[in-house]
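Nothing in this text is a laboratory measurement; each read-out follows from the coordinates by a stated rule. From a predicted model like this one, the values you see are computed outputs, not experimental measurements. Please note: Cβ atoms are built from the backbone with ideal geometry, for glycine as well, and neighbour counts cover all protein chains shown.
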Amino acid sequence: MPSERQDDGPRRRARDDAERRPRRLSAPKAMRSAAEQLQELLGRPPESISALRPTDDGWEAEVEVLELERIPETTSVLASYRVTLDAEGELMAYERIRRYTRGQIDKRA
């Protein structure tokens, strides 16, 4: 007589596979992780996180960093960095995608 546990095999395997996969970091933790790790690499604190989106493998964030402080403040130079994190929040890649002055406003068509 087969036991009821034998019927649970596929469900148990799926549950075990899910437990082995790294759990995706929450959005607030991903934001903190992106900012902290980029600061460690660049030696400059981030001004803000302007975008955060989940990817198949983790997270992608856009982080704004003050690159050159000037007076008046509206002429200071900032940069946007695209930061790629894995599912556990480890920085996998980053690139500067834009430089601009603090007083600059994006024009939309």
Legend entry - Whole-angstrom Cα spans of segment 25-101 along principal axes, big to small: 41, 19, 19
Inset, instruction - Measure off 7 Å from each Cα along the Cα-to-Cβ vector at Gln39 and Leu68, then give the distance between these two points in nanometres to one decimal. - result: 2.4
Inset, instruction - Starting with the fewest neighbours, write out Glu64, Glu73 ranked by other beta-carbon atoms found within 10 Å of each beta-carbon. - result: Glu73, Glu64
Legend entry - Separation between Cα centres of segment 41-60 and segment 73-102, rounded to whole Å: 7
